[in-house]
Amino acid sequence: MKLSDALSEYRLVDLVGNARHEGGGRPWISKEAARWLSEARIKMAGIDDSVFPEEPRYLGKDLTQYHTHDCLLSNDIPFIEGLAHLDALRCRRFFFFGLVVPAAKLDAFPIRAVAFVSRISDGG
């Protein structure tokens, strides 16, 4: 099977946001937004460090209020945090590859995130 045929069944990633927020005023993914993403049956969610994954008052304190993690992960939607250099992408659509290290009995672990972009401009 040719690689192009194998990849045809996968969807490209749509980059839908790349804000430049810093500090405590950064936005976060609300419970309603997490539910909407889950119901839209997205393949994966990823954020850079300009967005909090959860409401800031609960970060590191009350895991029962981690609605984004619970909603996405309980629906088998991978959630990638801490993506870097999204602003360097010259297009809004690309193939994403998360290169993992074989690790067991962990709920999180760093990956090497790689974006493959088309030579043909997507207009975005």
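Can we say residue 89 is free of Cβ contacts under 8 Å to residues at least 40 places away in the same chain, out of contact with any helix residue (DSSP H, G or I) (no Cβ under 8 Å at 6 or more places or on another chain) and at negative phi? So that I can check it myself, show each step before the final result.
On the way: free of Cβ contacts under 8 Å to residues at least 40 places away in the same chain: no; out of contact with any helix residue (DSSP H, G or I) (no Cβ under 8 Å at 6 or more places or on another chain): yes; at negative phi: yes.
The answer is no for residue 89.
Can you tell me which residue among 95, 116, 79, 52 is of a type in the set (A, V, I, L, M, F, W, C) and at pLDDT below 80?
Values: 95 fails: at pLDDT below 80; 116 fails: at pLDDT below 80; 79 fails: at pLDDT below 80.
None of the others qualify; the one that does is 52.
One line per residue, one yes/no per condition, for (1) crowded, with 16+ Cβ neighbours inside 10 Å; (2) in contact (Cβ under 8 Å) with a residue 24 or more places away in the chain; (3) within 23 Å of residue 37 (Cα to Cα):
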residue	(1), (2), (3)
78	no, yes, yes
82	no, yes, yes
97	no, no, yes
115	yes, yes, yes
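Scanning the range 83-102 for residues that are more than 16 Å from residue 47 (Cβ to Cβ) and in contact with a Gly (Cβ under 6 Å, 6 or more places away or on another chain) yields a total of 1.
The values are calculated or read from the model by the stated rules, or taken from the named source; none is laboratory data. Note that the coordinates shown come from a computational prediction; the quantities given were computed from them, not determined experimentally. All Cβ positions, even for glycine, are placed from backbone atoms using ideal geometry, and neighbour counts span all protein chains on display.
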